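**Q** Handing you a structure now.
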Amino acid sequence: MQTQGEAATVNPDAVARMPEAVFVERWRLLTGEPPAILLCSRRAMLALLVESAPAAPFVPPVSAWDMGGRNDS
């Protein structure tokens, strides 16, 4: 697993050099199905995927400090 610092040093063209079968496999891992079409630019495909994904609602976590000692039952 990469750290955030290591991810920043990855060559941005790595996706373009990835074999097609590996790209399709990893796309399937993300979406649950293979891509309907393969565009000439994988960056464009990933941009479309990100743009079309709905934003997850933010639910702030309740910290243990806020719940400390309360009994809501």
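**Q** Of the numbered conditions (1) among the β-branched types (V, I, T); (2) touching a helix residue (DSSP H, G or I) at 6+ places or on another chain (Cβ under 8 Å); (3) at pLDDT below 90, V59 satisfies every one except a single condition; which is it?
**A** (2)
**Q** Let me ask you something else. Out of E25, E20, E51, report the one residue that is acidic (D, E), surrounded by 10 or more Cβ atoms within 10 Å (Cβ to Cβ) and at pLDDT 90 or above. It would help to see each step written out before you state the result.
**A** Working: E20 fails: surrounded by 10 or more Cβ atoms within 10 Å (Cβ to Cβ); E51 fails: surrounded by 10 or more Cβ atoms within 10 Å (Cβ to Cβ).
Every option except E25 fails the conditions.
The values are calculated or read from the model by the stated rules, or taken from the named source; none is laboratory data. All figures in this text were calculated on a predicted structure; none of them were measured in a lab. Using ideal geometry, Cβ is built from the backbone for each residue, glycine included, and neighbour counts are taken over all protein chains shown.
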